[in-house]
Amino acid sequence: MPMFFVLLILGGMGYPCVSAALGLVYIVSRYFYFTGYATGDPKNRLTLGRFGSLALLGLMICTVSFGINLLRP
């Protein structure tokens, strides 16, 4: 969660709408991951929970792009 919050804040400074959408995808996917985790069957965890990693990857791309834009003169 700390990495998610940092990426959301830093990525949101450069790309607020994209970061907000990716943050929503991450939160919803974590909800489905935890509800699948509570069933006890490992296959139920990854129904919609697999999209959390993609959302984090998108937030990383937004953050790196924002950092590169800050370094350009």
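What follows is calculated from the coordinates using simple rules that are stated; it is not laboratory data. In this text the structure is predicted, and so the values were computed from the model without any measurement. All Cβ positions, even for glycine, are placed from backbone atoms using ideal geometry, and neighbour counts span all protein chains on display.
Say each of Phe66 and Leu54 gets a label point 7 Å from the Cα, pointing the same way as Cα to Cβ; how far apart are those two points in nm?
2.2 nm
Given a Förster distance of 22 angstrom, what is the FRET efficiency for Leu24 paired with Asn44, based on the Cβ-Cβ distance and rounded to 0.05?
The value I calculate is 0.50.
Between Ala21, Ala38, Ala55, where does the largest GNM mean-square fluctuation fall for the chain, given springs only between Cα atoms within less than 10 Å?
With Cα springs under 10 Å in the chain, the top fluctuation among Ala21, Ala38, Ala55 is at Ala38.
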